[in-house]
Amino acid sequence: MMITVLPQLSVGPKLAPPKDRDVHIFILPSTGGDGDHIADPITFDAGPAVLPKSTDIIVLNGEPRHFAGGALLPHDQAHKQFPQTTILQLSRRQENQAVWWSEEPFSIDSIGPSHLDHNGAGPYPFVQTPPLTAVVERDLLDGQDIYVVRSGVHSPEADNHMYKIVFTIRGEKIDPDMSCNP
């Protein structure tokens, strides 16, 4: 088992709970292997820091992972074992919007149907269309610049559909999933 110490991270953007559903995207230092050949599961020694949420996207060796079940799991495994907690869930009636953020510049290149959608391909869910470049916000608590994309509330036609979001961060393509619900 590998113990990973979290890097110094921002506390994040200003949110309007419960409407804003934030997803922190960050990159851990390379373990020297590739994303498929590292000791799994990885656990965190966060010290006084807050552990990542299960919807946060943790990039390790160019591969997305989620902290779920007490360990850092590969993206697909996390979605199979813990779908309700690792896939971002948005509710239109609750006016949820995704707030993707990172300490590093990133962009959203595309938002399309997810292979996990059992209802077939849904229509594009938001008013804004990719590419979406994260804008700089200053974290008021720690003074650190962070990069943020806010989705807005999804359309009614996107209800009961799942989507794949393709990000580029540090030249890496990362593709988590989200679920749009009534």
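A short reminder: the numbers here are calculations on the coordinates, not readings from a lab. What you see is a predicted model, and the numbers here were worked out from it, not measured in a lab. Positions of Cβ are backbone-derived with ideal geometry, glycine not excepted, and every protein chain shown enters the neighbour counts.
With coordinates expressed along the principal axes, the C-alpha atoms belonging to segment 46-182 extend over 41, 32, 30 Å, beginning with the largest.
Of the chymotrypsin sites (Phe, Trp or Tyr not before Pro) in segment 87-182, which ones lie in a loop per DSSP and count no more than 10 other C-beta atoms within 10 Å? Qualifying residues, ordered by number: none. The trypsin sites (Lys or Arg not before Pro) of segment 53-94 that meet both conditions, a loop assignment by DSSP and at most 11 other Cβ atoms within 10 Å of the site Cβ, are Arg93. Packing, as the average of other Cβ atoms within 10 Å across residues, places the peptides 148-154, 113-119, 70-76 in the order 148-154, 70-76, 113-119, highest first.
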